[in-house]
Amino acid sequence: MDADRPAMDPEGPGQGNTERARMEGRFGALGSGFPALNIRGRSYSLEELLHALGLGFEDIRPIDAHALAAEHFAVRYVDPEEWMVVAYEFDAAFRRLGETAVHVSAWTGDRGAPFPWASTAPGPPPQPPPGAGPGDR
């Protein structure tokens, strides 16, 4: 795991995970962001954002994107190799500003609840059913 990425919350999955709460406090529930961003007059899909950032690997599953401030953006994705949800922050020149990573088990719990972005099949990630937020089980 990258040294820049925080380890899974010491409280453990399903036990008041503060890392998940921090991520959702900053970026909202998973999937609540935008499917594209307009940066300096050009629209970028999630896949285009990942490619522009050098993160466009076949197994990476995009979740959503966020405009945080003027020229400050983030894209969230699942890294299936590390089994982490990553919020990658960058500027309008696509330079890395930072990242936050939380283990997927913060959403699935120790029982391994379904996780909509876990699939590595081609195409857009599946969306959770209406009213089924990431904390609902």
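Computed from the coordinates by the stated procedures, all read-outs in this text should not be read as laboratory data. As the structure is a prediction and not an experimental result, all values here were calculated from the model. All Cβ positions, even for glycine, are placed from backbone atoms using ideal geometry, and neighbour counts span all protein chains on display.
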- Using only the Cα atoms of the range 20-115, what do you get for the radius of gyration and for Dmax, in Å? 13.0, 44
- Report the net charge of residues surrounding Trp117, where surrounding means a beta-carbon distance below 12 angstrom and charges are Lys +1, Arg +1, Asp -1, Glu -1. -1
- Query: Under a 5 Å amide H to amide H cut-off, with H placed in plane at 1.01 Å, what residues pair with Gly33 once short-range neighbours are removed?
  - Reply: Ala65
- Message: Taking amide H atoms as placed 1.01 Å from N in the peptide plane, list the residues 5 or more away in sequence, or in a different chain, whose amide H sits under 5 Å from that of Leu97.
- Response: Glu89, Phe90, Asp91
- Task: Could you run the Karplus curve 6.51 cos²θ - 1.76 cosθ + 1.60 with θ = phi - 60° over the range 36-41 and give me ³J(HN,Hα) per residue in whole Hz, x for Gly and Pro?
- Result: 7, 10, 9, 10, 6, x
- Query: Whole-Hz Karplus ³J(HN,Hα) for the range 49-62, in order, using 6.51 cos²θ - 1.76 cosθ + 1.60 and θ = phi - 60°, x for Gly and Pro?
  - Reply: 4, 4, 5, 5, 8, x, 10, x, 7, 4, 8, 6, 10, x
- Measuring from label point to label point, each 7 Å out along Cα→Cβ, what is the Ala36 to His51 span in nm? 1.4
